[in-house]
1. According to a simple spin-label model (label point 7 Å from Cα along Cα-to-Cβ), what is the distance in nm between residue 760 and residue 718?
2. Report, by chain and number, residues whose modeled amide H sits under 5 Å from the one on residue 715, excluding near sequence neighbours (fewer than 5 apart, same chain).
3. Would you grab the residues whose amide H sits under 5 Å from the one on residue 642? Only those 5+ places off in sequence or on another chain, please, with H modelled 1.01 Å from N.
4. Please report, in Å, the Rg and the Dmax of the range 91-158, where both are computed over Cα atoms only.
5. What are the ³J(HN,Hα) values, in whole Hz, obtained from phi via the Karplus relation 6.51 cos²θ - 1.76 cosθ + 1.60 with θ = phi - 60°, for each residue of the range 171-180 in sequence order, with x given for Gly and Pro?
6. Considering only protein heavy atoms, what per residue accessible area in square angstrom results for the range 191-272 with a 1.4 angstrom probe?
7. What number, in nm² with one decimal, is the all-direction average of the projected area of the convex hull of the alpha-carbon atoms of the range 1-145?
8. Quick check on packing: order 581-590, 283-292, 153-162, 136-145 by the mean number of other C-beta atoms within 10 Å, highest mean leading.
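The values are calculated or read from the model by the stated rules, or taken from the named source; none is laboratory data. Computed from a predicted model, the values in this text were never measured in an experiment. A quick note on method: Cβ atoms are made from the backbone with ideal geometry, for glycine too, and the neighbour counts reach across all protein chains shown. Protein only, heavy atoms only, side chains kept; ligands, DNA and RNA dropped before computing areas. Shrake-Rupley method; radii C 1.70, N 1.55, O 1.52, S 1.80 Å.
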Amino acid sequence: MIHPRTLQALEFGKIVEHLATLCCSGAGRDRALALVPLPDAESVTWATRLYEESSVWAAQPVGNGRPFALTAFPDVGGLLNATHRSAHSPDADAFWALGQVLRQARDAHASICAPAAATQWPSLLALAEATPLPQQLTAALTRCISDDGLIKDESSPELYRLRGELRRLHQSCMHKVKDYALQYNMLPYLQDNFMTLSSDRYVLPLKANFKGRMQGIIHDWSQTGETCYFEPMFLVEINNHLQELKHEEREEERKVLTYLHGLLQQEMPGAQAALNLLAELDLLQAKRRLAALYGGRSVSLSPEAEGIHLAGARHPLLALARTREDENSRKVSPVRPLDITLRPGERALVITGGNAGGKTVCLKTLGLTVVMVLSALPVPVEAGSHLPWFERMDAFIGDEQSLDDNVSTFTAQIDHLAKAWKHLDQNGLVLLDEFGAGTDPAQGAALAQAVLDELLEKHTFVLAATHFPALKSYALTREGVRAASMLFDPDTRRPLFRLAYDQVGASLALDVAREHRLPEAIIRRAEHYLLQDGQDTSLLLERLNQLAAQREKELGILRQEQQKARQGLTRVREQFEQERARLHDEVRARAAELMRAWKEDRATAKQALKEMSRLRAGLAQPREDADAASDVPQPVHFVLGQTVLHRVFNKSGRITDMDERRKRVRLDLNGVSLWAEMKDLRASTQPGQPIPSGAKDVTRLASDGFSLRLDLRGMRAEQALAEVERFLDKALLDGASEVEVIHGRGTGVLRRQVHDMLRANTAVERFALAPEDRGGDGMTIVSLR
C-alpha cells in the first residue's frame, strides 16, 4: 500500500483531478477521482495492457470508416441504485437517460467485438463480454421513449388509440370554436385568434370587459388582468370527454413505465454492465488524452533485480503546467528530462548539488511516476523505461511540522519512519529529502547513514537528497549505493537541472544567497568563516561539476550521433529490402520468361535449366555480399601492394598508390586503375582473386566460351565512353572475339553514343542489340576482328 500522506506529499490528487476534467461523463469523472494505486503487480499489468489495447482499438475505423467516438452520456448510477431499493417506476426522463447509455454501450460493444479483437485487444474484448448487455431493455426503450424524452404513441396499442382520439377531439374542438366565433361575431371579444388550455380544459382567451356578454365558466385570469380564460357552455361536454381521455392516457403511460421498470429489474446486471463499460471507456479515453498532453506512455513492470530505469523522465505536473501555458500562447521553457537509474545490484541513490538545483524535483518525479505507473496511468518518460513492483512507498518530503501535534519537522519525520519501518522490505521504496537536516549536522548525518545502512540490509530501494558531506563520502564508498549530482553551469552558476552519476556536488549556498540579493557584506563574511574553518571544498567540487557538465555535453552529442547512425542504418536496411524485392521480382519475371520460351520451343529444357541456375547464382551472391557489407567496417591500415576488396564494385584489387590526406588509394582492378575511398575498402579474404557477379565495372568470367562483359549503368557519358575504349583494348589483348556492353534502356542516349563510338572503332567487326532473352535493347553484343 501507499500511505495517503505519501500521496499527498507527491500531489497525486492534482493528477487525478486533471484526469477527471478530461472525462466526458459524471461516471467517468467519479472513476478518475477514485483512482488509487492497484494492490498487486498482476492488476497493474492487466490495467496497463487494457490501456495499451484501448489505444489500438480507438485508432481502428468501424463501419462508418471512422474510429468509435465516445460522447457524453448521462450518469444513471442513481437510477440503477434506486431501482433496487424502490418498487416505484422511474419517470420517462429517467428512462430516456438510460436509453442513451444503453444505445451507446451497444455501439461501443459492437466496435470492440470486431473481427480483429481477439488478436489486437483481447483484454478489452474480455471486459466487454464479461456481462451480456440488456438487449430486450434496449429495444424496449428505443420503441417506447422518443429522442425528446416523451413516451411514444407506439408504446402500446391502447396508447396509440387514445392519442389518436385526442388529436381528433382537438381538431373537432378547433372547428367548433371557429364556427361559433364566426356565427356570434366573437372575434372582437377574443384577445387572441386561437384556443388554449387552462387546467387541462379548452378555453378561449376573452377580453376582460366582455366577460358578461357570454354564458360560460371563467377558469383563470392573466397576470395583467386584461384576459380571462373562458370556457363557453358548448365546450363543457367536450372538455369532460377530454378529461376522461387524458385520465385513460395517463393510466396507459403508467402501464408502459411499469413495463419498462419490470424489464430493468430483470436485466439489471446487464444495465449495470453497460454503465460500467462506458465509464471504463471514458476513463481510458481520459488516460489517452492525458498521454497526448505531455507525450506520455505506459511503463512496464520488471523484476526487481533489474533495478530502476526512467529515461527522459519529466515531472508530470510540471509537464502539464507547461502544456497549459503553451495553450495560453505563453513562451515557456521546456521541462528538463532526467534519467533516473539504479543499476542491477544498486539499491540507493544519493543526490547532491546546489540549493534550488532540482534534487527535490528529482525525488518527486520518481515518486509521482511510480504512483502513476501503479495506477496504470501513462507517464512522461521515453521508451525503454521500466520499474520494479513496489508494494509500499514512503516519501519524507517537505516541512512536516505541526503545531497541533506539537512536533517539529525532524520529529515528524522520525515518527513517520518509525511507523513505516516494520512494513519495509525488498518491495519497498523510500524517498528521503534532507533527512536529518532538522537537528545537529553531525548527529543528523550519522542518523541518515544508519537509516540507509538498515534499508540496504532490508534490500529496500532508497532515493535520498542531502547536503551532508558525510553522506557524500558515504555514497561514493558504500557498496550498493550510487552517487549523483545536480549539475550547474560553471560560467553562470545557474542550475542545469541535469543529473550526473557517480559524483557529488557542492551545495552552492552562498551563490544562491547572492542570486537572491542577500547583502554582499553577509556573503563575504560567510566566505571568511569558511576559510577559517578550513571546510571550503567548493573549488574541488566546482572542478568536478565542470568536468561532469562537459561529459554530459559530450554524451549528449554522442547520443545525437548514435540516433543519426540508427536512422541511417534503418534507411540502409530499407534500401536493401527494396533492392532485394526488386531483384526478386526481376528474377521471377526472367524465370517466367524462360518458362514461356521453353513451352513455345524457343529454348530447350537444358538451356532453360542452365539459365535458371545462372540466375539463382547471380541472386545468391549479392545477398551474401550485402550481408557482409551491412556489418560495421573495422578500421584497417592499408599498405602499398596490399590486396583489398572494393565493397562498392565487389571486386578485389591491388593498392598501387596512396593519398593519406584525402583518405583514398589507387587500385589496380585487373588492369583497370581507379582511385577509391578507404572507407569503401576492406582486407580481401582471397588476395588477388576477383569476386564474381554483381560488379559495376569490368567483370571477367571464365575463359571457356563465356564473353567479357562491361556494365555502364549509372556512369556519365564521357566516363562510359572512356571505359568502353579501355575495355575493348583489354579484350583484344586477351584474344576475346565477342564482348557484351550493358548500357541499359533508359532514354537511349547512352546507347546511341556507344554505338557511334563502336562504328568508329576499327577493331569492331560488327555489333547488334542482344536478343530479348539476354537483355534486349539494354545490352549490345560486340564482335571483334
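1. The modelled label-to-label distance comes out at 1.4 nm.
2. Under 5 Å from the amide H of residue 715 lies no amide H from a residue far enough along the sequence or on another chain.
3. Placed amide hydrogens put 655 under 5 Å from residue 642.
4. My reading of the Cα-based Rg and Dmax gives 15.1, 50 Å.
5. Whole-Hz 3J(HN,Hα) from phi for the range 171-180: 5, 4, 5, 4, 4, 5, 5, 5, 5, 5.
6. Heavy-atom SASA per residue in the range 191-272 reads 56 Å².
7. On the way: hull surface 45.1 nm².
Dividing the Cα hull surface by four gives the mean projection, 11.3 nm².
8. Going from most to least packed, we get 283-292, 136-145, 153-162, 581-590.
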